[in-house]
1. Just the residues that are within 14 Å of the chain's Cα centre (by Cα) and away from ligand 1 (no atom under 12 Å from the Cβ), please, taken from segment 58-100.
2. Can you name the residue in segment 259-282 that is of a type in the set (A, V, I, L, M) and in contact (Cβ under 8 Å) with a residue 12 or more places away in the chain and, of all such residues, is farthest from ligand 3 (Cβ to nearest atom)?
3. Hey, which of the strands (runs of 3 or more DSSP E) in segment 44-137, taking only ones fully inside, have at least 3 residues that are out of contact with any His (no Cβ under 7 Å at 6 or more places or on another chain) and within 16 Å of ligand 4 (Cβ to nearest atom)?
4. Give the residues of segment 215-236 that are surrounded by fewer than 21 Cβ atoms within 10 Å (Cβ to Cβ) and closer than 24 Å to LEU54 by Cα, sorted by residue number.
5. What single numbered condition from (1) farther than 20 Å from GLY51 by Cα; (2) open to solvent by 60 Å² or more (accessible area, probe 1.4 Å); (3) part of a loop (DSSP other than H, G, I, E, B); (4) not aromatic (Phe, Trp, Tyr) fails to hold for ILE204?
6. Looking at (1) touching a residue at least 12 places away in the same chain (Cβ under 8 Å); (2) away from ligand 4 (no atom under 16 Å from the Cβ), which is the only condition ILE186 fails?
7. Can you pull out the residues in segment 39-87 that are in contact with a Pro (Cβ under 9 Å, 6 or more places away or on another chain) and among the hydroxyl-bearing types (Ser, Thr, Tyr)?
8. Taking the condition more than 24 Å from LEU54 (Cα to Cα), surrounded by 17 or more Cβ atoms within 10 Å (Cβ to Cβ) and either more than 16 Å from ligand 4 (Cβ to nearest atom) or touching a residue at least 24 places away in the same chain (Cβ under 8 Å) (or both), does VAL170 pass?
Amino acid sequence: AKAAGKRQWCTYQPALQAGLVERHELNESLDTAIAESAFALYYQPIVDLAGGELVAFEALVRWPHERRGMVLPEEFISLAEESGQIVPLGAWVLERAAAEAARWQREIGGLRETAGRSQLRVSVNVSARQFRDAGFVDTVRRVVENSGMAPGTLVLELTESVLMRRDERVRTDMQMLGDLGVRIAIDDFGTGYSSLSYLREFPISILKIDKSFIDGLGHSQQQYALVEGIARIADTLGVQVIAEGIENTVQRDLLAAMGCPLGQGYLFARPLTADQAGLLVRDDAEP
Ligand code: C2E
Ligand code: CA
Ligand code: CA
Ligand code: CA
């Protein structure tokens, strides 16, 4: 009955069928890409809004594809989450980003001729499916220990979907990550089932205010009040705030004035290749 149903489906819904075939193809070529580590990591600067200094990079994955060109994460991350492929893909992202961070930190240390290593951070996106994988904390431990990056400079960006399940596993895993010196950021804050109570329930160091709130800053009193309120509460709880998607100086200046110290967005830089990011690191570090 299933086969017959499928045949009918073929006949009457060719578009849907094409979608399935395409999905299947995409899954297969994702497998190959994962096996061959054929992805590229881009790095978007996170800066101090007042002074413009480079504070961190957010690692953002892309998939250079022979036919499709540079495929953006929105086209394959959810597929990789559904299939579980996000687990090996995410591990590759972590490894790559940590290795790059360690390299930049060594370079900055050399340029500044200071004894201590640089505290330049690297922030990595972790999907809920990946965080829930039983091997996740071990993967992070291995990466932190082997990369040679300065302790305390790895940030994991989690979405609220991870925190929504208030189970014990999430809590103990976060504790273990904290013991490794890894910091946790809540990504896209304000979009999901946001609750400020997450900030006291979990060891959160950073809160990233979603671009949709930043968009309205210049012309909506309400948006302004909301962002200011979030920034104030976060500050009271000792949580650092990063504003996402800053595209103009009006937004930057309003954020700096309300005491939101850090931000990222096209105003400062688009996601850069590792080489471009390296140039920026050297520029910023040179006396
Ligand atoms: P996100 O974590 O919210 O990342 C920010 C996205 O906004 C990035 O898109 C970035 O290029 C874009 N962006 C930054 N500044 C601006 C701006 O000023 N204006 C506008 N219009 N956009 C800006 P991207 O790289 O396409 O990534 C999309 C999403 O894919 C990310 O959203 C994240 O959720 C996911 N993602 C990316 N890399 C990874 C990864 O390695 N692992 C996982 N699990 N998810 C990833
Ligand atoms: Ca993010
Ligand atoms: Ca985000
Ligand atoms: Ca986002």
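1. ALA98
2. Of everything passing the filter in segment 259-282, VAL281 is farthest from ligand 3 (Cβ to nearest atom).
3. 54-65, 121-125
4. Passing the criteria: ASP215, GLU228, ALA231, ARG232, ASP235.
5. Among (1) farther than 20 Å from GLY51 by Cα; (2) open to solvent by 60 Å² or more (accessible area, probe 1.4 Å); (3) part of a loop (DSSP other than H, G, I, E, B); (4) not aromatic (Phe, Trp, Tyr), the lone unmet condition for ILE204 is (2).
6. That leaves (2) as the condition not met.
7. Across segment 39-87, the qualifying residues are TYR42, TYR43.
8. Yes, satisfied.
The values are calculated or read from the model by the stated rules, or taken from the named source; none is laboratory data. None of these values were measured; they are calculated from a predicted model. Glycine gets a Cβ as well: all are built from the backbone with ideal geometry, and neighbour counts include every protein chain shown. Ligands, DNA and RNA are stripped out before the accessible areas are found, and what is left, the full protein with its side chains, is counted by its heavy atoms. Shrake-Rupley method; radii C 1.70, N 1.55, O 1.52, S 1.80 Å.
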